[in-house]
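Accompanying notes for the structure given below.
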Amino acid sequence: ILGRGVTAYRHPIVSSAGNVMGHAAEILRRLDYTVTWNGTTQTLSATRDGSRNLAGAREIRLVHNSRTMDIVLPNGNAWIGIQLDEAARVDNGVMLAPARQLLRQAGAGIVDWDADTRTLQAHYYEELDHGIYFLGVQQN
């Protein structure tokens with residue numbers, strides 16, 4: 001479970017614009033990124049070493065109140081800008097960003113919204129998924 005046992009973790013929220021805004025640092029850490037925070041520029045930077053996460057961007061950068069997420073693709077060295085559905089923002093000391101877009105750029109294979117539980121489900125193929133699943137008539 002994303003954020004389990006993490007101090008100051010914020011569950012994703014649905015913004016007034018209808019976007020699922022997630023705790024960017026914990027989403028990226030969960031997908032094997034090393035995250036740093038620059039409080040002066042209010043910039044979150046994430047890098048990966050590539051040992052497990054081969055699908056996601058090599059680097060990701062989010063800036064408070066910016067609708068652009070800068071990334072370096074897995075096979076490239078140049079920064080490119082990805083337009084976000086909503087600006088990343090710092091709220092109570094936590095950088096929130098549109099979680100679906102962040103998860104896709106970071107290498108999550110499938111990203112789905114579960115209306116019953118009001119949670120964002122992300123499947124990361126670099127990690128073995130295991131557990132007991134109960135399937136119902138609503139296909140969840």
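The values are calculated or read from the model by the stated rules, or taken from the named source; none is laboratory data. What you are looking at is a predicted structure, and each value in this text was computed from that prediction instead of being measured. In this analysis, Cβ positions are derived from the backbone assuming ideal geometry, glycine residues included, and neighbour counts consider all displayed protein chains. Note: areas computed on protein heavy atoms with side chains; ligands, DNA, RNA excluded. Shrake-Rupley method; radii C 1.70, N 1.55, O 1.52, S 1.80 Å.
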### Query
Quick one: Ile80 ticks every box in (1) under 19 Å from Glu26 (Cβ atoms); (2) surrounded by 11 or more Cβ atoms within 10 Å (Cβ to Cβ) bar one, so which box is it?
(1)
### Query
For the stretch 42-51, what are the residues that are outside any strand (DSSP E or B), crowded, with 16+ Cβ neighbours inside 10 Å and more than 14 Å from the chain's Cα centre (by Cα)?
Gln42
### Query
Does the stretch 93-116 contain any residue that is β-branched (Val, Ile, Thr), open to solvent by 50 Å² or more (accessible area, probe 1.4 Å) and within 16 Å of Val20 (Cα to Cα)?
yes
### Task
Kindly indicate whether any position in the stretch 76-83 is modelled with pLDDT under 85 and in contact with a helix residue (DSSP H, G or I) (Cβ under 6 Å, 6 or more places away or on another chain).
no
### Task
Could you list, in sequence order, all residues of the stretch 52-88 that are without any contact (Cβ under 8 Å) to a residue 60 or more places away in the chain, in a loop (DSSP other than H, G, I, E, B), out of contact with any Lys or Arg (no Cβ under 9 Å at 6 or more places or on another chain) and of a type outside the set (Gly, Ala, Ser)?
Arg67
### Task
Please find, within the stretch 18-40, the residue that is least open to solvent (accessible area, probe 1.4 Å) out of those that are small (Gly, Ala, Ser) and closer than 20 Å to Thr117 by Cα.
Gly22
